[in-house]
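The values are calculated or read from the model by the stated rules, or taken from the named source; none is laboratory data. Values in this document were obtained by computation on a predicted structure and should not be read as measured data. Positions of Cβ are generated from backbone atoms using ideal geometry, with glycine treated the same way; all protein chains shown enter the neighbour counts.
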Amino acid sequence: MHFVVHALDKPDALPRRLGALAAHRAYLDTAPAEHGVRVLLSGPLTSDDGEKMTGSFFLLDAPSREAIETMFEGDPIAKADVWETRTVTAFALRQNNMDGTE
């Protein structure tokens, strides 16, 4: 089943985000598979000019919402108290025009 994770940073979180970023990326190299989750698409949300990270976005394939919640409990970004809000929403994919490029 597909899920979207939309997380917005706390206003003062950028230094903590930057401090946890390398550990967060390393965590995402292994943790999803350990929880039966597959990351289909992910990246930081940014200001309109793309200069400042303001949150996180994930499109995941997971067996359940609980698997995602459990996975994110261990995420270094979450442990660094970066996100003000994090929502997990089930998603029904109807159209995909991504060609695999950034």
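Below, the figures for the structure above:
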| read-out | value |
| --- | --- |
| Qualifying residue in segment 6-22 (condition: basic (K, R) and free of Cβ contacts under 8 Å to residues at least 60 places away in the same chain) | no |
| Flag if S56 is in contact with a Pro (Cβ under 9 Å, 6 or more places away or on another chain) and either in contact (Cβ under 8 Å) with a residue 12 or more places away in the chain or aliphatic (A, V, I, L, M) (or both) | yes |
| Count of segment 1-54 residues which are among the aliphatic types (A, V, I, L, M) and within 27 Å of A90 (Cβ to Cβ) | 15 |
| Subset of segment 76-102 (residues that are free of Cβ contacts under 8 Å to residues at least 60 places away in the same chain and in contact with a Phe, Trp or Tyr (Cβ under 6 Å, 6 or more places away or on another chain)) | P76, A78 |
| Residue within segment 65-81 that is more than 30 Å from D99 (Cβ to Cβ) and among the basic types (K, R) present | yes |
| Identity of the residue in segment 72-102, among the hydrophobic types (A, V, I, L, M, F, W, C) and within 27 Å of A22 (Cα to Cα), that ends up modelled with the lowest pLDDT | M98 |
| Test: P63 is of a type outside the set (G, A, S) and in contact with a helix residue (DSSP H, G or I) (Cβ under 8 Å, 6 or more places away or on another chain) | no |
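Here is a yes/no grid of residues against (1) within 18 Å of V4 (Cβ to Cβ); (2) within 13 Å of the chain's Cα centre (by Cα):
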residue: D29; (1), (2): no, yes
residue: P32; (1), (2): yes, yes
residue: F91; (1), (2): yes, no
residue: N96; (1), (2): yes, no
residue: D99; (1), (2): no, no
